[in-house]
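The structure appears below as structure tokens.
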Amino acid sequence: MTMTDRRGFTMVELMVALVLTLAVGGVTYGLLVNSQRVSRSQTEHVGMQDNVRSGALIVANELREVGYDSVPTAVPALGPGNATNSDLILMESGKLRYRAWRGIGFTCFPPAAAELRLETSTYMGVRQPQVNDSLVVYVERTNSTAQDDAWVHARVTAVVTNKPCTNGNAALALSIAYLAGTDGAAVTAAMVQGGPVRIYEAMEMKHYQSGTQWWLGMLSLNAGGVIQPVLGPLADSTATQSGLVFRYLDRDRLVTTVPKNVREIQVTLKGVSDGAVRTGGGASSLAVDTLALTTNVALRNTLRP
Amino acid sequence: MRTSRLTDERGMALAVAIFALIVIGALVAGAFFAGHLEQRTGRNTLYAAQAADAAEQGVAGVVSDWDQFNLNNIAVGTTTSLGTITVGRTRYTQDVRRLNNDLFLVQSLGSRVDAAGTPLAQRKVAMVARLSYVTATANAAVTAGKTVNFNGNAFEVVGNDSVPQGWSGEPGCTTGAAKAGVRTAETVTASGQQADNIVGNPPKVEHDPTVTANFFNIFGDVTFDDLKKSADIVLPNTTPYNGAAPSLTAGAPQRCNTADQMNWGEPHRNGGGYTAQCVNYFPILYGSGTQTKLAAGGRGQGLLLVEGDLEISGGFEWTGLIVAKGGIKITGNGNKIVGALLAQDVAVDDQNSISGNTTLQFSSCALSKAIQGSAFAEPLTMRSWVQAYTN
């Protein structure tokens, strides 16, 4: 085979091929880059959706049990008549202090002034009672009427797990201290074995900054320590927006500042993406993506006539 | 000239195309995965909400339709299962635990299931409920808002507290101080021998200021209207209801047939036709018509509420409380009411007439048992709802 046998491309053919290759390659590259950006922004968006949705579930689960109680008629041993005790301790737009429900048990041993025993097998909750938890004890008083029923507040001072109930079943024995001004003996006399005891933990939930990012954080006021991030990152806190907003609504769905009037808490979470993503056309449209989710939490233990 | 072979071909178009396909495929797969994940997350959220709704329905159903007969009689410290109810792809399992004499824990496990019945999401909620009792302030065998006319000499009105025949020894059945035979906001018409047939301490109280509209409508925590909403049996007819008697379900074991609208419980404790399975059945009956007529050998126990006039025309026995918003007319032989009878006489032309061989006997035991047996549960007014996590 000689050189003259070989057929080659002409310059024109090469130029056309080169131009076509560059054009197709350029278009393909553009598509790939665009697809990658779209994919990344979608992933970020889905992550944000998961984030705020999880946050909405966490906040709703934490707040749904919130309630309040009162002493319907003046009973010196229990407190002044119509004095209310709401689980909402401090209500602010970006911060909430509240008593979070942690469990419910039922007395299984004749109540004593300084000790209540809850049957282990019927205890329900997210965790066992702990020292410094607050608790409310149901006091029935006159059994022919519910009008004088009350919940009396106390504090757990010790927990022993292996004491018996009257029927021999295992019991959680809670050493308790009633709040100042409460006559423990009178309360004990008005209690009936089998009555419910609710366990609460004082908590703080707020919008806070850690480093350059903002988070929804929670802190146990009983246990102390430092605030722990629960979810984020959230949008920062400015005059016009915030990553976390609580609105406290009464039975007419109007904003209220009175804890005992709150029937519903509207929670708005505004999540942000971890980094800048393309939010529109062109490279110049790179920005942090945001997504807001609002959920209304009905406070189940405030819904009464 | 040599022909070209495949192995002689040069170029990278195929490699570039495959690479591009892989990259595009990966991007599409990534987008699909993200979308699918999002879809599943959303669907799971929906399932969780459906399970929660089912659980709520289970709790609300037990409390709003409280089964006095079965639930008021479960022992303290025990739990009774009410079974599982399926509604489409959701279901709920209800149970009730008696905490003490007055308190119950109602629990419901709600589930969203797939076509095979496998749970996809579950949620459990509970409610602490309390028995709501009627507080009967009856202080006489008969209490009326207007004049009570007695006719003939065969009737007997006794305000002295007594235990119904055969009920001695039942828990809570004791006797207290004697009450008046008749109390009325107006007068009692009875002369000579008729007056002697009215017994009590005192036999009669006329122009009693305590006999007000509230006396007939407010019974402690519950009102007449509350009670009629909780009625187990509604009697809408103005024609007579004859032969009410306890009845049993078919098949073994036979139980008190509370679905029978003419089964009003068993006030007897022995004797012919005595139906032991129904001695703890104290229904709330509500006569919703302008007139309710009872006759011909009927019997029952519990609370009998009458929106209009009440007419008893022979052979009717009732143990418990009767409250009529209208007047009462009792005639014929063999009528026996043990407990208390209240007639408000709301209409201008309402009258009360008692005659025939009729016994009206005050009994705190009968009242107490009827009230306990017919009590219905309501959520605690404060902090009743529980998100029932289980450990």
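The values are calculated or read from the model by the stated rules, or taken from the named source; none is laboratory data. Since the structure is predicted, the reported quantities are computational estimates derived from the model, not experimental observations. Methodologically, a virtual Cβ is constructed for each residue, glycine included, from the backbone with ideal geometry; neighbour enumeration extends over all protein chains shown.
Just a few scattered comments:
- Some residue of the range B:94-103 being in contact with a strand residue (DSSP E or B) (Cβ under 6 Å, 6 or more places away or on another chain), closer than 25 Å to B:K229 by Cα and away from chain A (no Cβ under 14 Å): yes
- Every listed requirement among (1) of a type in the set (V, I, T); (2) surrounded by fewer than 19 Cβ atoms within 10 Å (Cβ to Cβ); (3) in contact with a Leu (Cβ under 6 Å, 6 or more places away or on another chain) is met by B:T249 save one, (3).
- Yes/no for B:T292 being farther than 14 Å from B:N242 by Cα, in contact (Cβ under 8 Å) with a residue 12 or more places away in the chain, assigned to a strand (DSSP E or B) and of a type in the set (V, I, T): no
- A residue that is of a type in the set (K, R) and touching a helix residue (DSSP H, G or I) at 6+ places or on another chain (Cβ under 7 Å) cannot be found anywhere in the range B:171-185.
- When B:V386 is tested against (1) buried (at least 24 other Cβ atoms within 10 Å of the Cβ); (2) farther than 30 Å from A:Y123 by Cβ; (3) among the β-branched types (V, I, T), only condition (2) is not met.
- Only one of B:S108, B:S81 that is in contact (Cβ under 8 Å) with a residue 24 or more places away in the chain and either assigned to a strand (DSSP E or B) or of a type in the set (G, A, S) (or both): B:S108
- Selection count, the range A:168-182, where residues are under 14 Å from A:P111 (Cα atoms) and either loosely packed, with under 15 Cβ neighbours inside 10 Å or out of contact with any strand residue (DSSP E or B) (no Cβ under 7 Å at 6 or more places or on another chain) (or both): 1
- Selection count, the range B:312-321, where residues are surrounded by fewer than 24 Cβ atoms within 10 Å (Cβ to Cβ) and assigned to a strand (DSSP E or B): 1
- Filter result for the condition that a residue is away from every other protein chain (no Cβ under 13 Å) and either touching a Cys at 6+ places or on another chain (Cβ under 8 Å) or outside any strand (DSSP E or B) (or both), over B:N44, B:N73: B:N73
- Residues that are modelled with pLDDT of 85 or more, assigned to a loop (DSSP other than H, G, I, E, B) and away from every other protein chain (no Cβ under 14 Å) within the range B:346-391 comprise B:S355, B:G356, B:S363, listed in sequence order.
- The residues listed here are B:T258, B:T210; of these, the one that is in contact (Cβ under 8 Å) with a residue 12 or more places away in the chain and surrounded by 18 or more Cβ atoms within 10 Å (Cβ to Cβ) is B:T258.
- Hits in the range B:37-76 (condition: in contact with a Lys or Arg (Cβ under 7 Å, 6 or more places away or on another chain) and of a type in the set (G, A, S)): B:A48, B:A51, B:A52, B:A54, B:A55, B:A75
- Residue match in the range B:91-105 (condition: part of a strand (DSSP E or B), loosely packed, with under 14 Cβ neighbours inside 10 Å, over 16 Å from the mean Cα position of the chain (by Cα) and touching a residue at least 12 places away in the same chain (Cβ under 8 Å)): no
- Residue in the range B:117-124 that is over 28 Å from A:E140 (Cα atoms), within 14 Å of chain A (Cβ to nearest Cβ) and either within 19 Å of the chain's Cα centre (by Cα) or surrounded by 20 or more Cβ atoms within 10 Å (Cβ to Cβ) (or both) present: yes
- Selection from the range A:205-218 of residues that are surrounded by fewer than 18 Cβ atoms within 10 Å (Cβ to Cβ) and assigned to a strand (DSSP E or B): A:Q209, A:S210, A:Q213
- Counted residues, the range B:73-99 - those being modelled with pLDDT of 90 or more and closer than 21 Å to B:A259 by Cα: 10
- Restricting the range B:104-116 to residues that are within 12 Å of chain A (Cβ to nearest Cβ) and not aliphatic (A, V, I, L, M), the residue that is nearest to B:Y389 (Cα to Cα): B:Q107
- The one condition in (1) crowded, with 19+ Cβ neighbours inside 10 Å; (2) at pLDDT below 95; (3) not aromatic (F, W, Y) that B:G334 fails to fulfil: (1)
- Elements of type helices (runs of 4 or more DSSP H) contained in the range B:129-241, each with 3 or more residues being of a type in the set (A, V, I, L, M, F, W, C): B:213-217
- Options B:N280, B:N335; residue that is away from chain A (no Cβ under 14 Å), touching a residue at least 24 places away in the same chain (Cβ under 8 Å), of a type in the set (S, T, N, Q) and part of a loop (DSSP other than H, G, I, E, B): B:N280
Conditions tested, residue by residue: (1) under 23 Å from the mean Cα position of the chain (by Cα); (2) outside any loop (DSSP other than H, G, I, E, B).
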residue	(1), (2)
A:N85	yes, yes
A:I89	yes, yes
A:R99	yes, yes
A:I104	yes, yes
A:A112	no, no
A:L118	no, yes
A:P129	yes, no
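- One residue stands out in the range A:33-67 among those that are farther than 19 Å from B:H36 by Cα and polar (S, T, N, Q): the one that is nearest to the other protein chains (Cβ to nearest Cβ), namely A:N61.
Results for (1) surrounded by fewer than 16 Cβ atoms within 10 Å (Cβ to Cβ); (2) modelled with pLDDT under 90, shown as yes or no for each residue.
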site	(1), (2)
A:Y248	no, no
A:R253	yes, no
A:T257	yes, no
A:Q266	yes, no
A:K270	no, no
A:G275	yes, yes
A:G282	yes, yes
A:T294	yes, no
A:R300	no, no
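- On inspection, B:A34 qualifies as facing another protein chain (nearest Cβ under 10 Å) and either surrounded by 15 or more Cβ atoms within 10 Å (Cβ to Cβ) or not in a helix (DSSP H, G or I) (or both).
- Taken over the range A:150-200, residues that are charged (D, E, K, R) and within 14 Å of chain B (Cβ to nearest Cβ) amount to 1.
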